[in-house]
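The values are calculated or read from the model by the stated rules, or taken from the named source; none is laboratory data. Please read all numbers here as calculations on a predicted model, not as lab measurements. Heads up, the Cβs are rebuilt from the backbone with ideal geometry, glycines too, and the neighbour counts pull from every protein chain shown.
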């Protein structure tokens, strides 16, 4: 459900739905409690409610901060993984320039296929946590070319060894990228995040305030802050989905740029 929202609803629309909806429910809940249960907001139990709110808010705040930091680090790791994979593909291309022409041309074609499958087909698929089989086929194409290679001399043997090493690194980085694309917060943790936010707002209903405007302002401020953090967690949870996502630009830069310039 969260992936679908990210892929089909603009970021501003998500912000309006999550923040506006959460704040709206908090405001309606506050009005209903003040109207139908006036004794609950009389202020007589403010001392107890304040202590409980402090304990619940503190525990939830620690958990929320931990989740947001972990998701942000995961998002940055995804960006680094993409950059690393693109760098290794670029290094493979450069290393194979030192091999026999047949091998170099074969790797050139395989890299061309791989980059276009990744950028044009796999990137959209990763929005739904999927990969592209043709990209794996391009990896196999690279290995087939290298298995048929016959390097001669120390220089070519050195480049050959480096190229094979880079191919293995590309596979490792690719698997890491696909894992990051399919990974998400466990369902229990998602429920705990959303449920905890509702619990804290619920405690605000019981926190008595003689001035209705002051009470409403407090509820709106806290619920807005909680909803914004929930929105941030949603955006960071899927680094390759939605508008706020990891770019495939590294696969189009540097030595790899010519693979997208006037080639079939």
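Scanning the range 180-204 for residues that are part of a helix (DSSP H, G or I) and farther than 18 Å from residue 31 by Cα yields a total of 14. If the condition is being in contact (Cβ under 8 Å) with a residue 60 or more places away in the chain and more than 16 Å from residue 233 (Cα to Cα), then the range 172-201 contributes 173, 174, 176, 177, 199, 200, 201. Listed conditions (1) modelled with pLDDT of 90 or more; (2) more than 29 Å from residue 5 (Cβ to Cβ) are all met by residue 231, apart from (2).
Selection of the range 132-161 for residues being in contact with a helix residue (DSSP H, G or I) (Cβ under 7 Å, 6 or more places away or on another chain) and either exposed (fewer than 14 other Cβ atoms within 10 Å of the Cβ) or not in a helix (DSSP H, G or I) (or both) yields 132, 149, 151.
Per-residue answers, yes or no, for (1) more than 30 Å from residue 144 (Cβ to Cβ); (2) part of a helix (DSSP H, G or I); (3) at pLDDT below 90; (4) touching a strand residue (DSSP E or B) at 6+ places or on another chain (Cβ under 8 Å):
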{"position": "28", "(1), (2), (3), (4)": "yes, yes, yes, no"}
{"position": "70", "(1), (2), (3), (4)": "yes, yes, no, no"}
{"position": "73", "(1), (2), (3), (4)": "yes, yes, no, no"}
{"position": "92", "(1), (2), (3), (4)": "no, yes, no, no"}
{"position": "95", "(1), (2), (3), (4)": "no, yes, no, no"}
{"position": "104", "(1), (2), (3), (4)": "no, yes, no, no"}
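For the range 162-188, a residue qualifies if it is exposed (fewer than 13 other Cβ atoms within 10 Å of the Cβ) and either touching a helix residue (DSSP H, G or I) at 6+ places or on another chain (Cβ under 7 Å) or under 19 Å from residue 76 (Cα atoms) (or both), and exactly one does: 179.
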